[in-house]
Amino acid sequence: MLSKDPGHWLAGRGKIGSANASRLERCRHVGPQRFRMCDKRAAAQAGQEGSVAKPRLLLIGTTGITGKSALEGLNASPVANAVQAVTLTRNPSSPAAQAMQQQGMQIVQGDLDDEVSLQTCVEGVDLVYCHALSKDAATADPAEVARAQRLAAALRATGRVQLVVYNSAGGRGKETGISQVEQKHKVEDIFSESGVPLCALQATLFMEELWKKYTRPGILQGQLTWSTPPEKPIQFLAARDIGLAAGYALSDPKSWAGKSLELAGDELTPLQLCEVFSQAQGGMPVKLNRPPQWPMWFLSRDLWRIMNFFSTKGYSADVTKCRQLFPGLHTMKSFLEATGWADTSRTYEQGIRFDYGKPGGK
């Protein structure tokens, strides 16, 4: 079992100086399942000789929709109250950054395209969770590779980073032909070859994808349009749970350094998906519509490659092992319940919230 006690890897950290004391007084404590930007004991001891600072965790790519979901998982993990977390953003005045500050997150300004800026941002960083190095897009962004190279070099130069957890993609070694997937594997290699301690969590298909406007409306009306074979299982993972797994790894960096793991929380055929959606929608029948794949070749080559991959090769995560390693991974059923799938007032663009039926949720 991964230790929830950070003491074994906090020993020997630097003192909290007066500048940190001032910042600690200004920041907000946002509850037991939020990163504690202001620890009362740390604040009280801030000026004392010999006091010990919590490890500094740098979060990269967590201001987007799936990044925010991953942040929820990190908040629910063993590392949440054991670190001092800061979020990297190019524009602290952006709505996403402002919203995170209002929730009590500490923001640090930095630019992944600026080497000098990065060097400043990574000073004093002990741990890193990298969710993304570019925006979600239909094809791979070439800038992602250069950003990975700059970031890896900057982290290596500090000589103090214990672990980088990177949100990579499943299908490693299967020649997927999917540009985004292959590029994520290239980023893995950049981190590994830099000498920075790396844990690559290779995500399968995010459950959040089903919330998007090209998928969810049809399902809510009783039809799942899916072009892969109806009896072939597909592996899924909630984006929240890439954060949860990352939190477990970050809480025990020595054990996870140098490891990679294909990660899934559930495995369902398209027909089984229809059953789960039907249950989430109050028993309303959901039928499978399987269109041919060949038109996708003309509409979107990457989409065709994705569906062809699911139809022929697919992911190979050990779902049982993943659930044992990281207690709390969502099944598709629990994901739909927690996010309020059937509530049409909720949309993907608003961000996926895992609070349905809880106080403050709906």
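The values are calculated or read from the model by the stated rules, or taken from the named source; none is laboratory data. These figures come from a predicted structure and were not determined experimentally. When we count neighbours, we look across all protein chains shown, and the Cβ atoms used for this are built from the backbone with ideal geometry, even at glycine. The accessibility values were calculated without ligands, DNA or RNA, using every heavy atom of the protein model including side chains. Shrake-Rupley method; radii C 1.70, N 1.55, O 1.52, S 1.80 Å.
Quick notes
- Yes/no for G124 being assigned to a loop (DSSP other than H, G, I, E, B), free of Cβ contacts under 8 Å to residues at least 24 places away in the same chain, at positive phi and not aliphatic (A, V, I, L, M): no
- Selection of the stretch 305-324 for residues being surrounded by 14 or more Cβ atoms within 10 Å (Cβ to Cβ) and of a type in the set (V, I, T) yields I306, V319.
- Criterion applied to P327, P285 was being open to solvent by 20 Å² or more (accessible area, probe 1.4 Å), at pLDDT 95 or above and touching a Gly at 6+ places or on another chain (Cβ under 9 Å), and the one residue passing it is P285.
- Count of the stretch 113-160 residues which are within 30 Å of T176 (Cβ to Cβ), open to solvent by 50 Å² or more (accessible area, probe 1.4 Å) and charged (D, E, K, R): 6
- Summed over the stretch 330-362, residues that are part of a helix (DSSP H, G or I) and open to solvent by 80 Å² or more (accessible area, probe 1.4 Å) total 4.
- The set of residues in the stretch 87-107 that are of a type in the set (A, V, I, L, M), surrounded by fewer than 16 Cβ atoms within 10 Å (Cβ to Cβ) and in contact (Cβ under 8 Å) with a residue 12 or more places away in the chain is empty.
- Of all residues making up the stretch 49-92, the number that are at pLDDT below 90 and within 18 Å of D126 (Cα to Cα): 3
- Among strands (runs of 3 or more DSSP E) entirely within the stretch 150-229, having at least 1 residues that are in contact with a strand residue (DSSP E or B) (Cβ under 6 Å, 6 or more places away or on another chain) and under 18 Å from P253 (Cβ atoms) singles out 163-169, 198-203.
- Any hit, the stretch 214-221, residues being of a type outside the set (V, I, T), modelled with pLDDT of 95 or more and open to solvent by less than 10 Å² (accessible area, probe 1.4 Å): no
- Total residues in the stretch 236-267, condition assigned to a strand (DSSP E or B) and open to solvent by 10 Å² or more (accessible area, probe 1.4 Å): 6
- Within the stretch 175-185, the residues that satisfy the criterion of being open to solvent by less than 20 Å² (accessible area, probe 1.4 Å) and over 22 Å from L244 (Cα atoms) are T176, I178.
- Positions within the stretch 186-201 being surrounded by 18 or more Cβ atoms within 10 Å (Cβ to Cβ) and under 12 Å from E144 (Cα atoms), in sequence order: V187, E188, I190
- For the stretch 117-128, the criterion of a residue being modelled with pLDDT of 95 or more, touching a helix residue (DSSP H, G or I) at 6+ places or on another chain (Cβ under 9 Å) and more than 11 Å from L58 (Cβ to Cβ) is satisfied by no position.
- Residues (closer than 14 Å to T62 by Cβ and either in contact with a helix residue (DSSP H, G or I) (Cβ under 7 Å, 6 or more places away or on another chain) or not hydroxyl-bearing (S, T, Y) (or both)) located in the stretch 93-103: A96, A97, A99, M100, Q101, Q103
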